[in-house]
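The values are calculated or read from the model by the stated rules, or taken from the named source; none is laboratory data. Computed from a predicted model, the values in this text were never measured in an experiment. Cβ coordinates were reconstructed from backbone atoms using ideal geometry, including for glycine residues, and neighbour counts include every protein chain displayed. The area values use the complete protein model at the heavy-atom level, side chains included, leaving out ligands, DNA and RNA. Shrake-Rupley method; radii C 1.70, N 1.55, O 1.52, S 1.80 Å.
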Amino acid sequence: EDVDILHNLAVNSYRFSISWARILPRGRLGGVNSAGIAFYNRLINALLQKGIQPFVTLNHFDIPHELETRYGGWLGAAIREEFEYYSDVCFNAFGDRVRFWTTFNEPNLSTRHQYILGEFPPNHCSPPFGNCSSGDSRREPYAAAHNILLSHAAAVHNYKTNYQAKQGGSIGIVIAVKWYEPLTNSTEDVRAARRALAFEVDWFLDPIFFGDYPREMREILSSNLPKFTPEEKKLLQNNKVDFIGINHYTAIYAKDCIYSPCTLDTYEGNALVYAIGRRNGKIIGKPTALHGYFVVPEAMEKVVMYVNDRYRNTTIYITENGYSQHSDTSMEDLINDVERVNYMHDYLKYLSSAIRKGANVGGYFAWSIVDNFEWVYGYTVKFGLYQVDFDTQERIPRMSAKWYRDFLTSSSLTDGLQVRSRRADS
Ligand SMILES: O=C(/C=C/c1ccc(O)cc1)O[C@@H]1O[C@H](CO)[C@@H](O)[C@H](O)[C@H]1O
């Protein structure tokens, strides 16, 4: 039914992730769960029958529980071999039909929620970030990220060596990219915004493209930041991604915390930056249902140009972009979601502007087709173009679903928005 919905919406690609635990419930030392393989085979085949390209993520936050018990999850170096094995099972089982792979979804966001703030499992943190039963908010996120980067490199190496030539697909990684605008035009705040971006984007993409962490991180984190051996640098640089996925939702002001005092217990704390939604009392953009996420459409162009310029014109896919509503919104407003229509329209307008300036953008994915389980917020935050009645599983198209279908199927729009649907494989 959902594949029919996608077909009626006229999209040409669908992004989803595979649950590692559904394929390998106990990791590589346990067996492959054939029911899990069969489930994704049915989904992939149903999509292809409708001419929809599957765009597949291997890891979207969750891991088999046994790997947490056995290795301490991403903190243990042994998880790299586990991920390489898991990715191999997936390339083998699904790679004959999948043209687009990504290794990780937003590891730059998940490691911070897991190991700095302690909000996501395994809930590790230390003061001043929080009081967790274990953790080290200044060291662990970087240790976990290091193992993720090397797991990524191992999977990309395996795909490029053993699968790419015969299967003909491409492989990338998805990074969450929040845009940071300097709070004031002081040199300190301008540097703070640049630094926040380095701790957001360059943290993962610099090692992948240039073989090492950015200078800002090496200076500030010193011995808390792991080091790559010469062989690891080579592994990273020799196995560049074919494309970069960007999940972009919002922008926020960055205030310097090196030359002026701040509370440093936030998401940007380790970068010595304080992020704030207001400048002189004026909010950066309309708030959404997700705390700290504001509507700032022009930031779409800025993040795309930044990534395009720094990472040498590598193809960019916008792998997520979307607008959230509170579940306590009235039924009428949930369905007549004009704010979501405006959000998508305006963000797409700035994406088209980036394309006109030369950015190499291969496609755009709306988040999300249906209301999703929003992690720690559960069902209280709604992102769907289709509303879901969770008692009956009924899907109800919102205004945004109709708008998006019209946008994708009309060859031009009268109001100057000139983005067209692009084929994911072009
Ligand atoms: O998962 C996040 C964001 C999580 C978060 C934000 C704010 C907090 O306070 C806590 C968690 O990013 C992406 O954005 C979406 C819409 O959020 C999620 O539904 C996707 O699963 C994910 O890839």
Computed from the mean reciprocal separation of all distinct C-alpha pairs, what Kirkwood hydrodynamic radius does region 43-83 have, in Å? 12.4 Å
Counting just the Cα atoms, what span does region 223-274 cover along each of its three principal axes? Round to the nearest Å and put the largest first. 42, 32, 16
Antiparallel bridge percentage (DSSP; both residues within the chain; nearest 5): 30 percent
Percentage of interatomic Cα-Cα distances in region 151-263 larger than 22 Å: 45 percent
For region 158-220, what mean projected area does the convex hull of the alpha carbons give, in nm²? 5.7 nm²
Cα-only Debye scattering, the chain: base-10 log of I(q)/I(0) at q = 0.06, 0.07 Å⁻¹: -0.24, -0.33
With every protein chain left in place, what is the accessible area per residue of region 13-90 in square angstrom, probe 1.4 Å? 41 Å²
Can you give me the P(r) profile for region 214-359? Cα pairs, bins 10 angstrom wide beginning at 0, each as a whole percent. 9, 27, 33, 23, 7, 1
When the Cα centres of region 4-23 and region 156-228 are compared, how far apart do they sit, in Å? 27 Å
Ignoring ligands, DNA and RNA, please state the percent of accessible area on the chain from carbon and sulfur, probe 1.4 Å. 50 percent
Cα-based Kirkwood hydrodynamic radius, region 12-123, one decimal, Å: 14.8 Å
Considering every Cα-Cα pair within region 276-413, what fraction, in whole percent, is farther apart than 18 Å? 59 percent
Rounded accessible area per residue of region 254-328, 1.4 Å, Å²: 45 Å²
Hey, any idea what Rg/Rh is for region 54-203, computing Rh the Kirkwood way over Cα pairs? 1.04
Which Cys residues of the chain have no other Cys Cβ less than 4.7 Å away and so no disulfide-compatible partner by this rule? 90
Would you mind checking region 24-42 for residues with the amide N under 20 Å from a putative spin-label position 7 Å along Cα→C-beta of residue 70? 24-37
How big is D, in µm² s⁻¹, for region 71-111 by Stokes-Einstein at 25 °C and 0.890 mPa s if Rh is the Kirkwood radius over C-alpha pairs? 209 µm²/s
